[in-house]
Amino acid sequence: MEKRNCIEIEAVSPNSIAADLDIESGDKLMSINGMPIRDYIDYKFLVTDLYLEVLIKKSNGEEWLLEIEKDYDEDLGLEFSDIIYDGLKKCNNNCLFCFVNQSPPGLRRTLNLKDDDYRFSFLQGSYITLTNLRAKDFERIKRMHLSPLYISIHTTNPKLRVKMLRNKKAGKVLDRLKDLAEFGIEFHTQIVLCPNLNDGEELDRTVQDLDELASAVKSLAVVPVGLTKFRDELYDLRSFTKDEAKQVVAQVEDWQQKLGQQQGGNYLYLADEFYLLAEQPLPEAEAYDGFPQLENGVGMVRLFWDQFAEVEDELPDTIEEEKKFTLVTGELGEKALRPVVARLNEIRNLVVELLVVPNNFFGREVTVTGLLTGKDIIKKIREEEVTGRVILPEILLNDDGLFIDDLKLEELEAEFDYLEFILVANNASDLTNELINN
């Protein structure tokens with residue numbers, strides 16, 4: 001049986017070194033300079049040498065040992081479908097708030113994978129807990145300077161972190177961070193905040209502890225726990241109330257003021273959901289310092305509003321052809337889109353409506369647009385008797401055109417042959433361009 005770290009080549013860049021040597025899609029990369037390749041990090045490190053011996057296994061079974069002389073910064077031109085070649089490092093925690101543990105049947109298989117792989121953290125920004133890293137993993141991170149990493153903290157209280165992650169190795173996170181910081185490793189961090197668990201005084205303690213490592217902490221996001229309706233026999237958790245969200249906003253703003261007065265400036269940010277739940281104003285764009293935690297739902301609404309403000313002055317007073325659009329969104333997205341839709345409806349001959357889809361699949365407490373299923377969207381379209389053109393945010397689909405419940409876009413379209421479905425990127429510029437010009 002062929003070893004896992006024989007890496008299949010998905011594509012070869014035209015006019016590259018690999019193309020000149022007749023390496024083709026479907027061939028396999030076996031080693032570089034006699035070294036097996038565990039992951040894309042190894043590949044990028046090894047190809048920096050000026051002289052390479054590259055072992056290729058052709059699709060017909062032949063093995064080619066290619067001798068290559070190249071510049072330091074010259075790539076071979078190989079593309080791979082995966083970035084990990086020796087097996088995924090899986091999560092060995094059993095977190096009290098784990099979203100995967102709350103998943104219903106019928107979910108896309110890849111969404112049930114619980115990875116905790118530091119390679120994904122470095123290469124793609126996935127969050128890790130550091131609980132499954134061996135001594136040689138830490139040594140590699142420091143030796144190869146794999147920075148920044150994305151690390152889930154949740155709390156720096158050792159006993160509480162062991163409880164929350166249900167892993168006896170979880171309590172040493174602060175020591176791990178200090179060790180990495182001494183070697184120049186920086187990190188983006190997050191806290192999944194749970195009422196009556198790691199909030200209040202525990203949140204103060206965590207922020208205070210991390211402030212001792214401020215030179216290494218590039219950002220710290222505080223995000224609310226996400227709960228589905230599938231929590232039978234799981235730890236008793238609940239969502240934040242409006243009043244509790246107000247308290248969190250006030251607490252974080254106090255810390256932001258303190259941190260902002262220090263030499264390195266503020267690095268603590270709060271998820272949009274807290275402001276919207278508390279009905280508090282969102283910070284201005286400058287407060288997000290380049291939006292380092294955008295993927296965590298931190299600053300997305302402000303960025304969208306500011307993008308819309310940039311194009312608002314260019315909006316016409318009227319359009320020639322009458323148009324009607326329906327924008328699909330989740331219950332949280334409605335709060336961000338309402339003022340934008342109101343302004344768009346001031347344009348003569350343009351009608352824009354919101355289709356706010358409740359999440360029956362995961363439960364009504366899940367309100368983000370990206371977790372809406374195709375079936376829930378179908379149900380809501382039928383209930384509201386939608387007509388005209390329907391705008392779908394691209395975040396609803398993966399690269400294969402599947403909704404989170406594996407429904408294909410084509411299957412959705414087949415349900416409503418009288419509707420036109422349009423995919424639009426999650427930014428105000430593309431949205432307004434589609435509504436006005438297309």
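Just so it is clear, none of the values below were taken in a lab; they were calculated from the coordinates. Predicted model only: the values in this text are computed from it and were never measured. Here the Cβ is made from the backbone with ideal geometry for all residues, glycine too, and neighbour counts use every protein chain on show.
Straight-line reach from LYS246: taking Cα to Cα under 21 Å and skipping same-chain neighbours fewer than 8 places apart, the lysines in range are LYS258, LYS335.
Look at the alpha carbon pairs under 8 Å that are at least 6 residues apart: their mean separation over the length of the stretch 7-80 gives a relative contact order of 38 percent.
Tally the DSSP beta bridges in the chain and give the antiparallel ones as a percent, rounded to 5. Given both bridge residues lie in the chain, the antiparallel proportion sits at roughly 40 percent. One quarter of the convex hull surface built on the alpha carbon atoms of the stretch 25-137 amounts to 9.7 nm², the projected area averaged over directions.
The string of couplings for the stretch 13-19 from the Karplus curve (6.51, -1.76, 1.60, θ = phi - 60°) is 5, x, 6, 8, 4, 4, 5 Hz, one whole number per residue in order, with x for Gly and Pro.
Kindly identify the stretch 7-80 as rounded, prolate or oblate by the Cα gyration tensor criterion: order the square roots of the eigenvalues as a ≥ b ≥ c, call it rounded if a/c is under 1.5, otherwise compare a/b with b/c, prolate if a/b is larger, else oblate. Taking the square roots of the gyration eigenvalues as a ≥ b ≥ c, the stretch 7-80 is rounded. Annotation: amide H-H contacts under 5 Å for ASP199 (H modelled 1.01 Å from N, sequence separation of 5 or more, or interchain): CYS194.
Sorting ARG140, ARG302 by the number of Cβ atoms found within 10 Å of their own Cβ, with the fewest placed first, yields ARG140, ARG302.
Taking a straight line from the alpha carbon of LYS57, these lysines sit under 30 Å away, with near neighbours fewer than eight places off in the same chain left out: LYS3, LYS28, LYS44, LYS70, LYS89, LYS90, LYS136. When the alpha carbon coordinates of the stretch 194-351 are projected onto the principal axes, the ranges are 60, 47, 24 Å, largest first.
Let me know the shape class of the stretch 306-437, please: from the alpha-carbon gyration tensor, a ≥ b ≥ c as square roots of the eigenvalues, rounded when a/c is under 1.5, otherwise prolate if a/b is greater than b/c, or oblate. Prolate shape, in that a/c is at least 1.5 and a/b is the bigger ratio. Among ASP22, ASP405, ASP204, the residue with the largest mean-square fluctuation in a Gaussian network model of the chain, with springs joining Cα atoms closer than 10 Å, is ASP22. Restriction of the trypsin sites (Lys or Arg not before Pro) in the stretch 364-412 to DSSP coil positions whose beta-carbon has at most 15 other beta-carbons within 10 angstrom yields ARG364.
Panel order for LEU419, LEU337, by other beta carbons found within 10 Å of each beta carbon, from fewest to most: LEU419, LEU337.
Taking other C-beta atoms within 10 Å as the exposure proxy, TYR118, TYR43, TYR235 rank TYR235, TYR43, TYR118 from fewest upward. Backbone amide hydrogens, once placed in the peptide plane, bring LEU268 within less than 5 Å of LEU220, excluding anything fewer than 5 places away on its chain. For the stretch 73-163, rounded, prolate or oblate, judged on the Cα gyration tensor with a ≥ b ≥ c (square roots of eigenvalues), a/c < 1.5 rounded, else prolate if a/b > b/c? Oblate, because a/c is 1.5 or more while a/b does not exceed b/c. Based only on the alpha carbon positions, what is the Kirkwood hydrodynamic radius of the stretch 121-266, in angstrom? Mean inverse Cα-Cα distance, inverted, gives 16.2 Å. Whole Å is fine, so just give me how far the alpha carbon centre of the stretch 392-438 lies from that of the stretch 183-242. After rounding, the separation between the Cα centres reads 33 Å. Exposed loop positions in the chain were taken to be GluC sites (Glu not before Pro) whose DSSP state is not H, G, I, E or B and which have at most 12 other beta-carbon atoms within 10 angstrom. Between these positions, the longest stretch is 63-232. Relative to one another, the C-alpha centroids of the stretch 250-318 and the stretch 55-102 are positioned 36 Å apart. Here is the short version for the chain: CYS6, CYS91, CYS194 have no other Cys C-beta closer than 4.7 Å. Modelled label positions at ILE395 and SER25, each set 7 Å beyond Cα in the direction of Cβ, lie 3.1 nm from each other. A convex hull fitted to the Cα coordinates of the chain yields 194 cubic angstrom per residue.
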